[in-house]
Amino acid sequence: MIPRNYLLMFTLALSVVVLVVVLVHSRGFGGRPAAQMEIHLHRKTQAELDNPSGALKFKATRNKSCPQAALCGSTNKTVEMHLESMSLNTLKFLFHGIVSSVEFNCTTLKYFGKLGAGIYPVCMNSSSIIPQPKNCLVYSFGISNDWSFDEDFAKYGCEVHSFDPSIGKPDHIHPPNISFHNLGLMGFDFTLGNGWKYMKLSSIRRMLGHQNRVIDVLKIDTEGAEWSFLRSVVVDDVDELLTVKQLIVELHTPTGGSRAMTSYDYAEVIQYLLELRRLGFLVYLNLQNNNCCANFTPLFPPGLAEKCCHETSYVNSRYLVAK
């Protein structure tokens, strides 16, 4: 159970009001090249934009405990991070370490989808996290023109719901029995001027009658919108992730190609990722690529080959069975 007072403290620590700015960009929701959109996390004042180093005015304290000590190591470790005192390069290395450090050894991986941008791994270590055919639920956000991941899971025997507002298709049933929804995932509900509709995860689950169901696999490749979603589920709707067994998310630079990441940007997304860890989500695989670099600025720290995307796979430790 997540202490409510901790979440209140976390929210107060993030005293900045997060604004989502939608800009016209060159990639669609699912990665389809088009004159589409890019999502920005926030912005404070113009003065802070001009002087990013002065934007950090908070201290982040994170409890790195895990629901199952036998699986995650010792619990009740509190790591205090004074993010405001860290240099930009230090924050880059910290971000890179958080998303790329494997915390759970998944010895059995099964890949769904075709080679290329459509293939994603799923951990099949134990019956408690293996999707059970005819009794599993998969949400897939970001399709573009590649349905292979969704099709493989439908053939496997799961109920599959696919989402993407950028491909110009109405709600329909895509063979073999995939429910497609013409909407996207965000941290709140809204509709763009071009008609693209977005909903937060809790609203989507309520719309589909899935409030009390476990999502076996939640896959997100939404070209930057993942950060608005992550903020919502680690700050406001934390219960929504507790019934997700596996989370596969491609992390893009939240500022897109409009500007380089600042210390404030890194500090903010680091907080989201640390809170995700505190909720019990452990990295079991991290893949990095530079296929996104035409549209996103690099995320990597100095000295490492340029990469602009992290495809990070998590398992919810609440569903793991300690041996």
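The values are calculated or read from the model by the stated rules, or taken from the named source; none is laboratory data. Values in this document were obtained by computation on a predicted structure and should not be read as measured data. Reconstructed Cβ throughout: ideal geometry from the backbone, glycine too, with neighbour counts over all protein chains shown. Heavy atoms of the whole protein, side chains included, go into the accessibility calculation; ligands, DNA and RNA do not. Shrake-Rupley method; radii C 1.70, N 1.55, O 1.52, S 1.80 Å.
Full extension of the chain between SER87 and LEU115 yields a length gain of 6.3 nm, computed as 0.36 nm times the residue separation minus the alpha carbon distance. Peptides 192-201, 236-245, ordered by how many other C-beta atoms sit within 10 Å of their residues on average, highest first, read 236-245, 192-201. As a fraction of the 1.4 Å probe accessible area of the stretch 173-304, surface on carbon and sulfur atoms comes out at 48 percent.
Within a straight-line Cα-Cα reach of under 18 Å, LYS134 can be paired with the following aspartates and glutamates, leaving aside sequence neighbours fewer than 8 residues apart in one chain: ASP150, GLU151, ASP152, GLU159, ASP216.
Once the convex hull of all Cα atoms in the stretch 126-280 is built, its volume per residue stands at 125 Å³.
Placing dummy labels 7 Å off each Cα toward the beta-carbon, the span from HIS172 to MET124 is 3.1 nm. What is the log10 of I(q)/I(0) for the stretch 268-323, computed with the Debye formula using one identical point scatterer on each Cα and no solvent, at q = 0.29 Å⁻¹? For the requested q values the scattering log ratios are -1.14. Over 25 Å apart at the Cα level, from the set LYS114/LYS307; LYS197/LYS307; LYS200/LYS245; LYS155/LYS245; LYS92/LYS200, are LYS197/LYS307; LYS92/LYS200. For the stretch 129-182, the Cα gyration tensor yields ellipsoid semi-axes of 20, 10, 9 Å (square root of five times each eigenvalue, largest first, whole Å). On a per residue basis, the convex hull of the C-alpha atoms belonging to the stretch 188-323 measures out at 134 Å³.
Place the peptides 93-105, 171-183 in order of packing, highest mean first, counting for every residue the other Cβ atoms within 10 Å and averaging per peptide.
93-105, 171-183
Spin-label pair GLN211-ARG259: with each label point 7 Å from Cα along the Cα-Cβ axis, the two points sit 4.1 nm from one another. Rounded to the nearest 0.05, the FRET efficiency derived from the C-beta distance between LYS134 and ASN105 at R0 = 22 Å is 0.15. Computed from label points 7 Å out along Cα-Cβ, the spacing between ASP239 and CYS293 is 4.5 nm.
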